[in-house]
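What follows is a set of notes on a single structure, which appears directly below.
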Amino acid sequence: MNTSIYNETVRADKPLGPNLARCFSKGIDLSNADLSNADLSNADLSGAFLSNANLSNANLSNANLSGAYLFGADLNHADLSNTDLSGAFLNGADLSGAYLFGADLTGANLFLAILSTEQLEEAKSRYDNIL
């Protein structure tokens, strides 16, 4: 069961900690949502639809984004440390300045994603052919 807030504005100007993370469930549709500066650390967003979502400066550390759809998402300066992004679709996502230390990018699709080689080296990628 997907919960959809498509084209709705979700604002989290103040860190809401784990309370905000518990509001979301696996497979939720947050496409086009504004989650900039949100604290989503430890959230389980596996299989979530986050296409074109604004996650700039968001804290997604230790979150589960495995299999998530992040097409064109803005992850500029997001904290993705130790985040599970395995099998995620990051096509065209902006990861410039994102912190990826310890992130798992195994099987992630990074086609046209914006990020540096240094960022990839921080991640726990088992993607030998992407560097």
Global geometry of region 25-119, whether rounded, prolate or oblate, following the gyration tensor of its Cα atoms and the 1.5 cut on a/c: rounded
Once you list every other residue whose beta carbon is under 12 Å from the beta carbon of Tyr99, what net charge do they have if Lys and Arg are +1 and Asp and Glu are -1? -3
Could you give the length gained on full extension between Lys26 and Ser116, defined as 0.36 nm per residue of separation minus the Cα-Cα distance, in nm? 29.5 nm
For region 31-36, 3J(HN,Hα) per residue [Karplus equation, 6.51 cos²θ - 1.76 cosθ + 1.60, θ = phi - 60°, Hz, x = Gly/Pro]: 4, 6, 6, 9, 10, 4
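None of the figures in this text is laboratory data; all of them are computed from the coordinates on show. These numbers were taken from a predicted model, which means no experiment stands behind them. Reconstructed Cβ throughout: ideal geometry from the backbone, glycine too, with neighbour counts over all protein chains shown.
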